[in-house]
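Colleague: I'd like to ask some things about the structure below.
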Amino acid sequence: MPPAGIEPALRLQARRLDLAGWGERFARLYGETVSFLKHSGTPVPLMDILIAASAKEHGLAVITRHVSRFRRIPMLSVMEY
């Protein structure tokens, strides 16, 4: 769950991402993941977070060689290849 008072920033980010073809649900997943990782001191490259948010939005697993990075992201199914 995002910190209190962050809703306006999430809505603004959602509008920006909607212009890029992503919707509000994706933006929320992305924003919550960034917030969680930042507050837990767990760095993950932003491109990986975009991939993770997209997978979560569609109920898919991420299949990757970078399992340790993606396993830091909560509620994400990760498979190694």
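Colleague: Within the stretch 39-77, take every residue that is part of a helix (DSSP H, G or I) and more than 21 Å from residue 23 (Cα to Cα) and give me the one that is nearest to the chain's Cα centre (by Cα). Give the derivation first.
Modeller: Going through the stretch 39-77, the residues part of a helix (DSSP H, G or I) turn out to be 39-40, 46-58, 67-70.
Filter once more, keeping what is more than 21 Å from residue 23 (Cα to Cα): 39-40, 67-70.
Working: 39: 14, 40: 14, 67: 15, 68: 16, 69: 12, 70: 10 Å.
Filtering first and then ranking leaves 70.
Colleague: Which residues, counting only those in the stretch 19-60, are out of contact with any helix residue (DSSP H, G or I) (no Cβ under 7 Å at 6 or more places or on another chain), closer than 13 Å to residue 74 by Cβ and β-branched (Val, Ile, Thr)?
Modeller: 42
Colleague: I'm trying to understand the selection: among the residues of the stretch 13-32, which are at pLDDT 70 or above and either in contact with a Phe, Trp or Tyr (Cβ under 7 Å, 6 or more places away or on another chain) or part of a helix (DSSP H, G or I) (or both)?
Modeller: 24, 25, 26, 27, 28, 29, 30, 31, 32 - these are the residues of the stretch 13-32 that are at pLDDT 70 or above and either in contact with a Phe, Trp or Tyr (Cβ under 7 Å, 6 or more places away or on another chain) or part of a helix (DSSP H, G or I) (or both).
Colleague: Can you run down the residue pairs with Cβ atoms below 9 Å, 6 or more apart or on separate chains, where the first is in the stretch 53-65 and on the phi > 0 side of the Ramachandran plot and the partner is of a type in the set (Phe, Trp, Tyr)?
Modeller: Hits for this filter: zero, empty list.
The values are calculated or read from the model by the stated rules, or taken from the named source; none is laboratory data. These numbers come from a predicted model, not from an experiment. Because the Cβ atoms are built from the backbone with ideal geometry, glycine has one as well, and the counts that use them run over all protein chains shown.
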